[in-house]
Amino acid sequence: MAIVTISRAAFSGVEELAKLLAEEMGYRISSREELLAKAAEDFGALKSELESALIHRPGLLEGRGLKKLKIVNCARATMAAIVRDDDIVYHGEAGHLLLGPVPHHLRVRAVASMEARVTCAMPLTGLPRDKAEQYVKDMDEKRNHWVQWVHGVDMNDPRSFDLMVNLERVPLHSAVGLIADAARKDFATTPESQQAMVDFALASEVKARVGLASNVAAERMEIAAADGIVTIRTTARYMADAEEVADVARQISGVSEVRTELKE
């Protein structure tokens, strides 16, 4: 079994692809909208703040955008919790990047032309074609800037994906077959990859909870988890803060031990 994320630009019409794929594989299905709702519930954040943090990079008055990074960490932790038990299809922008390089994670990019996307956007936005096209282009630009800010990559970089599907040339049933075949043959879950997913989920929750619970410069620290043991690595300058982070981490379910280490 596997985790499949389908990344798409706005108005690419991949909902039906995700639905058919989940039915074909007997998987659960989740979307970006569900991710926002669950993150708001789990971390007590406003859905509007989550929406903004997952689309817009910080403005000139937001400095380095540390508040937004904390909210992004909440979304990442929620994403990891949603997919932790695999057997799931997720569709949404940049979901493949929020989740990270888990071995049984198949990263799919669904592609559609600007013309097709604008045609899809017009009835949903109520805009005429010329204004709908500009609206779609503006959304692409904002989201690409956000991906570059958070992840340091171009949103459309093919190296970020394992499989790309052109939905205008590949029929839905064929696209479903291609993705399902790849997931079953090359991205099956193993005990080792499942442990890696559990560790990633725990580390992600620690980072999110630390960001909400303290004013510590958590971005100055590396937080990793392995079999319930959380390791916090930082420089000598931030070791005192690392102890505060450790106190927060010890309160999180699934954490059996917390270690602090000095980075060289």
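The values are calculated or read from the model by the stated rules, or taken from the named source; none is laboratory data. Note that the coordinates shown come from a computational prediction; the quantities given were computed from them, not determined experimentally. Note that we place each Cβ from the backbone using ideal geometry, even for glycine, and neighbour counts take in every protein chain shown. The accessibility values were calculated without ligands, DNA or RNA, using every heavy atom of the protein model including side chains. Shrake-Rupley method; radii C 1.70, N 1.55, O 1.52, S 1.80 Å.
Using unit Cβ charges (K, R positive; D, E negative) and no other charged atoms, how large, in debye to the nearest 20, is the dipole of the chain about its Cα centre?
Approximately 540 debye in magnitude.
Kindly work out what percent of the DSSP beta bridges joining two residues of region 144-264 are antiparallel, to the nearest 5. Kindly include the intermediate steps, with their values, before the conclusion.
Numbers: 5 of 11 bridges.
The answer is about 45 percent antiparallel.
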*Probe 1.4 Å - accessible area at S256, Å² to nearest ten*: 90 Å²
*What FRET efficiency comes out for the pair A240/E192, r = Cβ-Cβ distance, R0 = 45 Å, nearest 0.05?*
0.80
*Among the DSSP beta bridges whose two residues both lie in the chain, what percent are antiparallel, rounded to the nearest 5?*
15 percent
*Could you state how much accessible area M164 has, in square angstrom rounded to the nearest 10, with a 1.4 Å probe and all protein chains kept in place?*
90 Å²
*What's the extension gain from A37 to H145 if we count 0.36 nm per residue and subtract their Cα-Cα distance?*
36.5 nm
*Kirkwood Rh in Å, taken over region 69-139 so that all alpha-carbon pairs contribute*: 14.5 Å
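Would you work out the relative contact order for the chain, in percent, from Cα pairs under 8 angstrom that are 6 or more residues apart?
On the way: 414 pairs, mean separation 62.0, N = 264.
Computed over the chain, the figure is 23 percent.
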*asked:* At R0 = 22 Å, how high is the FRET efficiency between T119 and V170 if r is their beta carbon distance? Nearest 0.05 is fine.
replied: 0.75
*How big is region 165-264 by the Kirkwood estimate over distinct Cα pairs, in Å?*
15.8 Å
*If one takes the longest principal axis of the Cα atoms in the chain, at what angle in degrees, from 0 to 90 and to the nearest 10, does the Cα axis of helix 15-25 lie?*
70 degrees
